[in-house]
Amino acid sequence: MGGKSITTEPKGSLTREYRPRPDLFRAACWLASTLTVALLVFILGEILYKAWPAIHQFGFGFLSGIQWSPNRGVFGVLPVLIGTAASSLLALLFALPLGLSIAIFLSENFLPQPIRQLIRFVVEMLAAIPSVVYGLWGIFVVVPLVQQYGAVIAEKFGFIAIFSGPAYGNSLLTASLVLALMVLPTITAISRNSLVAVPPTLREGSYALGATRWETILGVILPTAAPGIVASTILAFGRAMGETMAVAMLIGNSQRLSWSLLAPSNTLSALLANQFAEAEGIQVSALMYAAVVLVIMSLCVNVTGEAVLRRTQRSVVGLK
Amino acid sequence: MSCRTAAPQNFFTQDGTKTSVLRLFRNRFLTGLCIALSLLTLVPLFSIIMLVVKNGFPLVSVALFTQLPPPPGLEEGGFANAIVGTFIMVGIAIVLAVPLGILGAIYINEYAPTSRLSAAVRFVAKLLTGIPSIICGVFAFAAVVMTMGCFSAFAGGVALSILILPTILLTAEQALMGVPYAYREASFGLGATPFQTIFRIVLPDALPAIMTGVMLSVARAAGETAPVLFTALFSANWIQSLTEPTASLSVLIYNFAALPFDYHVKMAWSASLVLVALVTLTNILAQIFFAPKHR
């Protein structure tokens, strides 16, 4: 943290009387800070206010309803909630092994520094590419791949529920694969930080006992850094839940419940992206309600992740 | 630190001689696996970059940057209005968010680092960075579009400003933290007021880092689609005023990607090329110019 406050005014002066003038700049800075805090309250309040008619009309039935048909004024988001959770979890399933091995790779000296630097830059680039470009790439690369191999999988393993039914290109699986790429940088960056923060004495101690490098990594370093890795996973989950554009372009936007990974699905954010521009009347309110649900979910996930991360930093400091 | 906590007893095999080959093999295998998985991530990134360049570059011409999008079916024109729209909306976001973010950062790092308000600001900024970008759009829709009764560039700018505010605030705070405390003490020792110290000593020293943060968040904002998708909407014409639907590069990609017209899809790739080039350049510039000085 930045250290001590610099606001202590000198109490008097030797040559002439010191008159503290009101510090207008300080007042401006204070105002900016207050506005920032007020902004969050305003955002939440405004969305909640606009969602109120729908909250009042549908209540908690909104969360368990399986129909979303604006024409008939029936709104339920259960399939969308399931789609959100499923696509995010599936993305984590793909991204965690990759992200963790990159984090280990970056914190060990397998290859010379320049190559590691390159990989690190590549992962940072992954984070910088706009979501909509992932979507475009997904449409032309991942969708055909999933369509081609999905059909084969559906034919051979159709008896398993998650591969049953016809295979679509725009499906839950497609969206999850692209989401995995998008959350990879989050997992890598935070996991790497917590791996690097493991005190070198632990590693030296393990080597001195005759452990090989990977026995050290798996037996000493990963367990010590585990809370940070858990935090990175939680935060990545939060990111995956909120990702909009790529998912909206790839998931197929269907509100029908299905067990299959190869069937189209929908997520909360994709639902908002697709319907807001043309929504009217109670549908706007229902979409606002969906936005409220999304905000609450992502705030919960992020606060949990940050709390775990903070505890990790404290516990690692204690080891030194 | 005792050895017992450092090394779980069961993990190391007791008799090394018999299993040493196995252990070494496993060590090599895991190293290879780890390197292979890490290099695997290069594949999608190269695929993205390659396709964006391959599909986007052939269309790059003067016309692309000076003309309006063609009606469906025609094979000429560009996305000049989208570039202008993106610039205008990012400009609005900068005007709204940069002063607020930097002043807020000065307050929480210089004036009252330990106050309750500062703790609240840090917490809120963290929360705002975690909020999905589409929520910024939903808010701007509720607060601006529904109030003014029209989709507008202004609403898009407001949504983007909420998106970049927390990043600017937090990076500016980091930048201010990087200024050694001794500088401030020396300045106070010479009789400077807090205002003089901040403006003549702290800010000049922290400015490069602050600008880097602003640049990175602005580059990110230029590529964001979700906040402007249903606040600024899209338009095929030049922007006339801030209170009408406005085109942007990112929404152009989204709209044109699914069209059945070859030329429009190619334009989407070209717009991606412009955005990716913008983000890459900013990132490289930031890497070059922002070397942490005092750490």
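Taken together, the residues in the range B:210-232 that are among the hydroxyl-bearing types (Ser, Thr, Tyr), farther than 23 Å from B:Gly149 by Cβ and crowded, with 24+ Cβ neighbours inside 10 Å amount to 2. In the set B:Leu127, B:Leu96, B:Leu117, B:Leu64, only one residue is in a helix (DSSP H, G or I), more than 30 Å from A:Leu184 (Cα to Cα) and facing another protein chain (nearest Cβ under 7 Å); that residue is B:Leu117. Out of all the residues in the range B:148-161, is one or more more than 24 Å from A:Thr244 (Cα to Cα) and either of a type in the set (Phe, Trp, Tyr) or more than 10 Å from chain A (Cβ to nearest Cβ) (or both)? Within the range B:148-161, one or more residues are more than 24 Å from A:Thr244 (Cα to Cα) and either of a type in the set (Phe, Trp, Tyr) or more than 10 Å from chain A (Cβ to nearest Cβ) (or both). Just one of (1) in contact with a helix residue (DSSP H, G or I) (Cβ under 9 Å, 6 or more places away or on another chain); (2) part of a helix (DSSP H, G or I) fails for A:Asn170. It is (2). Any residue in the range B:79-91 that is touching a Leu at 6+ places or on another chain (Cβ under 9 Å) and not in a helix (DSSP H, G or I)? Yes, the conditions are met somewhere in the range B:79-91.
To keep it simple, each residue is scored yes or no on (1) touching a Gly at 6+ places or on another chain (Cβ under 6 Å); (2) at pLDDT 90 or above.
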residue: B:Ala6; (1), (2): yes, no
residue: B:Gln9; (1), (2): no, no
residue: B:Gln14; (1), (2): no, no
residue: B:Cys34; (1), (2): no, yes
residue: B:Leu40; (1), (2): no, no
residue: B:Val43; (1), (2): no, yes
residue: B:Val62; (1), (2): no, yes
residue: B:Thr86; (1), (2): no, yes
residue: B:Val90; (1), (2): no, yes
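Considered as a group, the residues in the range A:249-270 that are at the interface with another protein chain (Cβ under 10 Å from one of its Cβ atoms) and aliphatic (A, V, I, L, M) include one that is farthest from A:Asn302 (Cα to Cα), and that residue is A:Met249. Of the residues examined, A:Thr84 is not one that is within 28 Å of A:Leu235 (Cα to Cα), within 10 Å of another protein chain (Cβ to nearest Cβ) and hydroxyl-bearing (Ser, Thr, Tyr). Would you be able to say whether some residue in the range A:174-197 is closer than 21 Å to A:Asn266 by Cα, more than 9 Å from chain B (Cβ to nearest Cβ) and not aliphatic (A, V, I, L, M)? Yes; the residues of the range A:174-197 include at least one that is closer than 21 Å to A:Asn266 by Cα, more than 9 Å from chain B (Cβ to nearest Cβ) and not aliphatic (A, V, I, L, M). Taking the criterion of being within 16 Å of A:Gly99 (Cβ to Cβ), buried (at least 23 other Cβ atoms within 10 Å of the Cβ) and among the small types (Gly, Ala, Ser), the residues of the range A:219-242 that qualify are A:Ala225, A:Gly228, A:Ala231, A:Ser232, A:Ala236, A:Gly238, A:Ala240.
Take the conditions (1) modelled with pLDDT of 95 or more; (2) under 16 Å from B:Met89 (Cβ atoms); B:Leu273 misses just one of them, which is (2). What do you reckon, is A:Arg256 among the basic types (Lys, Arg), assigned to a loop (DSSP other than H, G, I, E, B) and modelled with pLDDT under 90? Yes. Can A:Ala91 be described as buried (at least 18 other Cβ atoms within 10 Å of the Cβ), part of a helix (DSSP H, G or I) and at pLDDT 95 or above? The answer is yes for A:Ala91.
The set of residues from the range A:23-46 being more than 7 Å from chain B (Cβ to nearest Cβ) and either in contact (Cβ under 8 Å) with a residue 24 or more places away in the chain or touching a Pro at 6+ places or on another chain (Cβ under 8 Å) (or both) comprises just one member, A:Leu44.
Every residue, every condition in (1) surrounded by 21 or more Cβ atoms within 10 Å (Cβ to Cβ); (2) in the same structural domain as B:Ala182 (by TED's automatic domain parsing); (3) in contact with a helix residue (DSSP H, G or I) (Cβ under 8 Å, 6 or more places away or on another chain), yes or no:
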| position | (1), (2), (3) |
| --- | --- |
| B:Ala80 | no, yes, yes |
| B:Ile83 | no, yes, yes |
| B:Val90 | yes, yes, yes |
| B:Ile94 | no, yes, yes |
| B:Gly101 | yes, yes, yes |
| B:Tyr111 | yes, yes, yes |
| B:Lys126 | no, yes, yes |
| B:Val145 | yes, yes, yes |
| B:Cys150 | no, yes, no |
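Checking the range A:154-166 against the condition returns no match, with no residue being within 14 Å of another protein chain (Cβ to nearest Cβ) and either modelled with pLDDT of 90 or more or assigned to a loop (DSSP other than H, G, I, E, B) (or both).
Would you confirm whether or not the range A:241-248 contains a residue that is assigned to a loop (DSSP other than H, G, I, E, B), under 25 Å from A:Ser131 (Cβ atoms), in contact with a helix residue (DSSP H, G or I) (Cβ under 8 Å, 6 or more places away or on another chain) and facing another protein chain (nearest Cβ under 8 Å)?
Scanning the range A:241-248, I find at least one residue that is assigned to a loop (DSSP other than H, G, I, E, B), under 25 Å from A:Ser131 (Cβ atoms), in contact with a helix residue (DSSP H, G or I) (Cβ under 8 Å, 6 or more places away or on another chain) and facing another protein chain (nearest Cβ under 8 Å), so the answer is yes.
Find the residue count for the range A:203-218, including only residues that are in a helix (DSSP H, G or I), buried (at least 19 other Cβ atoms within 10 Å of the Cβ) and either at positive phi or at the interface with chain B (Cβ under 7 Å from one of its Cβ atoms) (or both). Of the residues in that region, 4 qualify. For the range A:148-161, a residue qualifies if it is touching a residue at least 12 places away in the same chain (Cβ under 8 Å), out of contact with any Phe, Trp or Tyr (no Cβ under 7 Å at 6 or more places or on another chain) and of a type outside the set (Gly, Ala, Ser), but none of them does. Listed conditions (1) in contact with a Phe, Trp or Tyr (Cβ under 8 Å, 6 or more places away or on another chain); (2) closer than 11 Å to A:Trp68 by Cβ; (3) within 11 Å of chain B (Cβ to nearest Cβ) are all met by A:Gln275, apart from (1).
Within the range A:33-76, work out how many residues are small (Gly, Ala, Ser) and in a loop (DSSP other than H, G, I, E, B). If you could, list the steps in order and put the result at the bottom.
Of the residues in the range A:33-76, the ones small (Gly, Ala, Ser) are A:33, A:38, A:45, A:51, A:54, A:59, A:61, A:64-65, A:69, A:73, A:76.
Next, from what is left, pick out any that are in a loop (DSSP other than H, G, I, E, B): A:59, A:65, A:73, A:76.
Counting residues in the range A:33-76 that are small (Gly, Ala, Ser) and in a loop (DSSP other than H, G, I, E, B) gives 4.
Is it the case that the range B:239-247 has a residue that's within 11 Å of another protein chain (Cβ to nearest Cβ) and assigned to a helix (DSSP H, G or I)? No, the range B:239-247 has no match at all. Candidates B:Met211, B:Met215, B:Met177: the one that is free of Cβ contacts under 8 Å to residues at least 40 places away in the same chain and assigned by TED's automatic domain parsing to the domain that holds B:Ile92 is B:Met211.
The values are calculated or read from the model by the stated rules, or taken from the named source; none is laboratory data. These numbers come from a predicted model, not from an experiment. Using ideal geometry, Cβ is built from the backbone for each residue, glycine included, and neighbour counts are taken over all protein chains shown.
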